[in-house]
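Chemist: Sharing a structure here in structure tokens format.
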Amino acid sequence: MEKKMIASLQFLLAIMLVMLLFCMAKVSCAADPEAKIHNHVTGSEVEKGPTRKLLPFVDCGAKCEARCSAHSRKKICIRACGTCCSRCKCVPPGTYGNREVCGRCYTDMVTHGNKPKCP
């Protein structure tokens, strides 16, 4: 009787080990294709979601620094510009105006006070 219980416990442990290894393999395989996409696409980002598309890489830090260089509240301008740049993948040229160059994403974004968010 005891030998049967030990054999059945060993069998259950073996099954659990196989299931654990299978789950770990699934997780590592799920993460791998995403890494291949990012490694394969250079100079671009992949937008996640059901309609994936390639978006151009934009150096938001440098462009927002240039955009907000003449602003009186530079840190606030850079923070807002960074948010707009990461969402819209665009920063207008110059230090003021030209917002229409980046399209509706950039021009239609507003703050909680219903003021234009993007500088």
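The values are calculated or read from the model by the stated rules, or taken from the named source; none is laboratory data. These numbers were taken from a predicted model, which means no experiment stands behind them. With ideal geometry, Cβ positions are generated from the backbone for all residues, glycine too; neighbour counts draw on all protein chains shown. For the accessible areas, the whole protein counts, side chains as well, though only heavy atoms, and no ligand, DNA or RNA atoms are used. Shrake-Rupley method; radii C 1.70, N 1.55, O 1.52, S 1.80 Å.
Chemist: When you look at Ser8, is it at pLDDT below 85, out of contact with any Ser or Thr (no Cβ under 6 Å at 6 or more places or on another chain) and among the polar types (S, T, N, Q), yes or no? Don't jump to the end; show me each part of the working.
Modeler: On the way: at pLDDT below 85: yes; out of contact with any Ser or Thr (no Cβ under 6 Å at 6 or more places or on another chain): yes; among the polar types (S, T, N, Q): yes.
Yes.
Chemist: Do we have Arg99 as of a type outside the set (Phe, Trp, Tyr), within 15 Å of Val58 (Cβ to Cβ) and in contact (Cβ under 8 Å) with a residue 12 or more places away in the chain here?
Modeler: So Arg99 does not fit the description; no.
Chemist: A follow-up question, please. Considering every residue within the range 77-87, establish whether at least one is open to solvent by less than 70 Å² (accessible area, probe 1.4 Å), within 17 Å of Asp59 (Cβ to Cβ), free of Cβ contacts under 8 Å to residues at least 60 places away in the same chain and outside any helix (DSSP H, G or I).
Modeler: Scanning the range 77-87, I find no residue that is open to solvent by less than 70 Å² (accessible area, probe 1.4 Å), within 17 Å of Asp59 (Cβ to Cβ), free of Cβ contacts under 8 Å to residues at least 60 places away in the same chain and outside any helix (DSSP H, G or I), so the answer is no.
Chemist: When the residues of the range 54-73 are narrowed to those that are in contact with a helix residue (DSSP H, G or I) (Cβ under 9 Å, 6 or more places away or on another chain) and of a type in the set (Lys, Arg), which ends up most open to solvent (accessible area, probe 1.4 Å)?
Modeler: So, considering only residues that are in contact with a helix residue (DSSP H, G or I) (Cβ under 9 Å, 6 or more places away or on another chain) and of a type in the set (Lys, Arg), the one most open to solvent (accessible area, probe 1.4 Å) is Lys63.
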